[in-house]
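Here the structure comes first, spelled out in structure tokens, and everything after it is commentary.
The values are calculated or read from the model by the stated rules, or taken from the named source; none is laboratory data. Just so it is clear, the model here is predicted, and its values are computed rather than measured. Positions of Cβ are backbone-derived with ideal geometry, glycine not excepted, and every protein chain shown enters the neighbour counts. Accessible surface is based on the protein model in full, side chains and every heavy atom, while ligands, DNA and RNA are left aside. Shrake-Rupley method; radii C 1.70, N 1.55, O 1.52, S 1.80 Å.
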Amino acid sequence: QVQLVESGGGLVQAGGSLRLSCAVTGVLFRTYAWSWYRQAPGKQRELRASITSGGSTNYVDSVKGRFTISRDNAKNTVHLQMNTLKPEDTAVYYCHVEDLRWGDRWGQGTQVTVSS
């Protein structure tokens, strides 16, 4: 059973930093691509960043230069380092993986709140 558990969210002032972590069990971690999404109140879930099994990364324009996604295959963990945070980054952040056989899996989310 695939399980994703996010941590690291919190309340931070604008300009501050947070590091999110997603601990994964139940899947051969190193063979999958992993993504971070966010969902603000009343809005749809949006992709922020992704990392392939080979380590290639992709970011949406609004986080380029501020966020860094990384993976630790030895610890089955994917991270999202968020710097220079803005109030508009406030949302619940989710870790995500998908597989052709069993579809999408999401964690429970971690709240990020950036005060102005």
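If you check T113 against the conditions, is it open to solvent by less than 40 Å² (accessible area, probe 1.4 Å), hydroxyl-bearing (S, T, Y) and farther than 17 Å from S62 by Cβ?
For T113, the condition - open to solvent by less than 40 Å² (accessible area, probe 1.4 Å), hydroxyl-bearing (S, T, Y) and farther than 17 Å from S62 by Cβ - is not met.
Any idea which of (1) over 19 Å from Q1 (Cα atoms); (2) surrounded by 14 or more Cβ atoms within 10 Å (Cβ to Cβ) is the one G54 doesn't satisfy?
Going through the list (1) over 19 Å from Q1 (Cα atoms); (2) surrounded by 14 or more Cβ atoms within 10 Å (Cβ to Cβ), G54 breaks only (2).
I need the full set of residues from the range 1-38 which are under 18 Å from E88 (Cα atoms) and hydroxyl-bearing (S, T, Y), in order please.
S17, Y37
From the set of residues in the range 4-28 that are within 12 Å of the chain's Cα centre (by Cα) and not in a strand (DSSP E or B), which is surrounded by the most Cβ atoms within 10 Å (Cβ to Cβ)?
G9
Would you say T31 is among the hydroxyl-bearing types (S, T, Y) and open to solvent by 60 Å² or more (accessible area, probe 1.4 Å)?
yes
Which residue, of D72, D99, D89, D61, is over 20 Å from A23 (Cα atoms) and either loosely packed, with under 14 Cβ neighbours inside 10 Å or of a type in the set (A, V, I, L, M, F, W, C) (or both)?
Residue meeting the stated conditions: D61.
Is there any pair linking a residue in the range 34-53 that is farther than 23 Å from D72 by Cα and in contact (Cβ under 8 Å) with a residue 60 or more places away in the chain to one that is surrounded by 14 or more Cβ atoms within 10 Å (Cβ to Cβ) and of a type outside the set (S, T, Y), with Cβ under 7 Å and at least six apart or on different chains, and which?
Sorted first by the residue in the range 34-53, then by its partner, the pairs are Q39/R45; Q39/A91; Q39/V92.
When both residues are 6+ apart or on different chains and their Cβ atoms are under 8 Å apart, which pairs have a first residue that lies in the range 14-25 and is touching a residue at least 12 places away in the same chain (Cβ under 8 Å), and a second that is in a loop (DSSP other than H, G, I, E, B) and of a type in the set (V, I, T)?
Close Cβ pairs (under 8 Å, with a partner that is in a loop (DSSP other than H, G, I, E, B) and of a type in the set (V, I, T)) amount to G15/T84; S17/T84; V24/V2; T25/V2.
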